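Engineer: Could you have a look at this structure, given as structure tokens, before my questions?
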């Protein structure tokens, strides 16, 4: 497939939202629906589920490779920092853009997220209108401007 934007490929964008707060999931779903960009939003409620989905394990064999991951930092079972580290350390996943969207405004969290190779850091807004603006901005850039690598990397592995 020729390298081009998701929009130019004429297909919906695949988005993985990693979020444990049901209310935030509902708001994000609505914001993506209103964003006027064709997208499929999959949701993982914790870090372990997110990695299973990304690795197409444990009943997720048909899970599409996301074009964008929106990741909360504060998650049960495996926090967002560990998930981000696992994604960016895995040669078959590291090319997927990850936007951290969290309530933390702490400088250390921002620094740590970028040190772990997050592609962006967004503080969760207090109101839906601002969330919708953020989602439109993310979708506009990542799906109509950025050329993304959607193919999984083929990785040679050594037997350990």
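Engineer: Say whether the condition of being surrounded by 19 or more Cβ atoms within 10 Å (Cβ to Cβ), part of a loop (DSSP other than H, G, I, E, B) and out of contact with any strand residue (DSSP E or B) (no Cβ under 8 Å at 6 or more places or on another chain) is met by at least one residue in the stretch 119-140.
Structural biologist: No.
Engineer: Starting from the stretch 71-96, take each residue that is free of Cβ contacts under 8 Å to residues at least 40 places away in the same chain and on the phi > 0 side of the Ramachandran plot and list its partners that are crowded, with 19+ Cβ neighbours inside 10 Å and outside any loop (DSSP other than H, G, I, E, B), counting only C-beta distances under 7 angstrom and pairs at least six apart or across chains.
Structural biologist: Cβ pairs passing all conditions: 77/47.
Conditions (1) touching a helix residue (DSSP H, G or I) at 6+ places or on another chain (Cβ under 6 Å); (2) within 21 Å of residue 136 (Cβ to Cβ), marked per residue:
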site: 7; (1), (2): yes, yes
site: 12; (1), (2): no, yes
site: 23; (1), (2): no, yes
site: 39; (1), (2): yes, yes
site: 42; (1), (2): no, yes
site: 57; (1), (2): no, no
site: 78; (1), (2): yes, no
site: 88; (1), (2): no, no
site: 116; (1), (2): yes, no
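Engineer: Moving on to the next point. What tally of residues in the stretch 100-118 results from selecting those that are more than 16 Å from residue 35 (Cβ to Cβ) and in a strand (DSSP E or B)?
Structural biologist: Looking only at that region, the number is 2.
Engineer: Which one is surrounded by the most Cβ atoms within 10 Å (Cβ to Cβ) among residues in the stretch 1-60 that are part of a helix (DSSP H, G or I), out of contact with any strand residue (DSSP E or B) (no Cβ under 6 Å at 6 or more places or on another chain) and in contact (Cβ under 8 Å) with a residue 40 or more places away in the chain?
Structural biologist: Selected residue: 54.
Here is a yes/no grid of residues against (1) closer than 24 Å to residue 93 by Cβ; (2) touching a residue at least 40 places away in the same chain (Cβ under 8 Å):
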| site | (1), (2) |
| --- | --- |
| 111 | yes, no |
| 119 | yes, no |
| 128 | no, yes |
| 131 | no, yes |
| 139 | yes, yes |
| 144 | yes, yes |
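Taken together, the values in this text are just the output of simple stated rules run on the coordinates, not laboratory data. Here the structure is a predicted model, which is why all the values come from computation and not from measurement. So basically every Cβ, Gly included, is an ideal-geometry build from the backbone, and we count neighbours across all protein chains shown.
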